[in-house]
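Below is one structure, written out as structure tokens, with a few remarks after it.
The values are calculated or read from the model by the stated rules, or taken from the named source; none is laboratory data. From a predicted model like this one, the values you see are computed outputs, not experimental measurements. A quick note on method: Cβ atoms are made from the backbone with ideal geometry, for glycine too, and the neighbour counts reach across all protein chains shown.
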Amino acid sequence: MKQKLKHILLYTFLILGGFLMILPFYWMVATSLKSGGEAIQVPPTWLPSQWLWSNYQRALEAAPFFRYFLNSVLVTVLSTVGELFTSILAAYAFSKLKFWGKDILFLILLATMMVPGELMTIPNFVTLARLDMINTYWALIIPWLASVFTVFTLKQSFESVPDALYYAAKTDGCSDWRFLWEILVPLSKSSVVAVMILKVIGSWNSFMWPLIVTNDKNLRTLPVGLQAFTTEAGTQFELLMAASTLVVVPMVIVYLLLQKYIIQGISRSGIKG
């Protein structure tokens, strides 16, 4: 009886937590389909009295969201590919190769994770300014081509592959480059996909850095364009919610389709026998 009661309480807590998590998203979508008056009505309505799908068309016409979308896709794809490439190489070196000072260097890298990201904003901005890269795509991409967290996660995953497999491949004449891309990466696919998804979501939702390093409207990504849209749209909350939905939905779809890889990847990299 006590065990059954525990299960009931657990599922009740999980259902309540899930409801609280999905409520803001539901409210955003519902408001995006309301009229201007109903969007600010007090008390609010849970369902639109009239479903105005035209709000999405109006939102797209009010700002160049297609341009913002292309910018977000470009920055997300290039920064994700770049970070995965550099992190896979670094993780391979730290997990399989032997060289002087490897452990000390890895500890120094881990120590940098304790430095708040906000603390690096000014040094990164000054560096890019001296390289004359402010207000360019390079400023949106280059600072995010490496990640200590991704290196650490992939290192843990690579170390779960027995060293005997590495030495056997080397004995058969396999190069390090070939072993990495044809054996090690495929065996660690879940971890690679997990960090890729986390990187894609983080890059897609990035707001502060693109806002700082760009002032050209043609370089705006979706989060920055959405912030500008709040000023341009004024108090048209239904259009604001429609634009917000267009920004959020792609990442929600990506997460729902690939969430199992996040769980598998993190669990695999965090547990090592």
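Here are the numbers for this structure:
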| item | result |
| --- | --- |
| Residues located in the range 42-77, provided they are modelled with pLDDT under 80 and crowded, with 16+ Cβ neighbours inside 10 Å | A62, A63 |
| Residues that are of a type outside the set (A, V, I, L, M, F, W, C) and at pLDDT below 80, drawn from the range 237-271 | Y255, Q259, K260, Y261, Q264, G265, S267, R268, S269, G270 |
| Verdict on Y26 being among the hydroxyl-bearing types (S, T, Y) and surrounded by 13 or more Cβ atoms within 10 Å (Cβ to Cβ) | no |
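A quick yes/no check of all residues on (1) part of a helix (DSSP H, G or I); (2) within 22 Å of the chain's Cα centre (by Cα); (3) loosely packed, with under 15 Cβ neighbours inside 10 Å; (4) not charged (D, E, K, R):
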position	(1), (2), (3), (4)
V161	no, no, no, yes
V185	yes, yes, no, yes
V193	yes, yes, no, yes
S203	yes, yes, no, yes
Q227	yes, yes, yes, yes
T245	yes, yes, no, yes
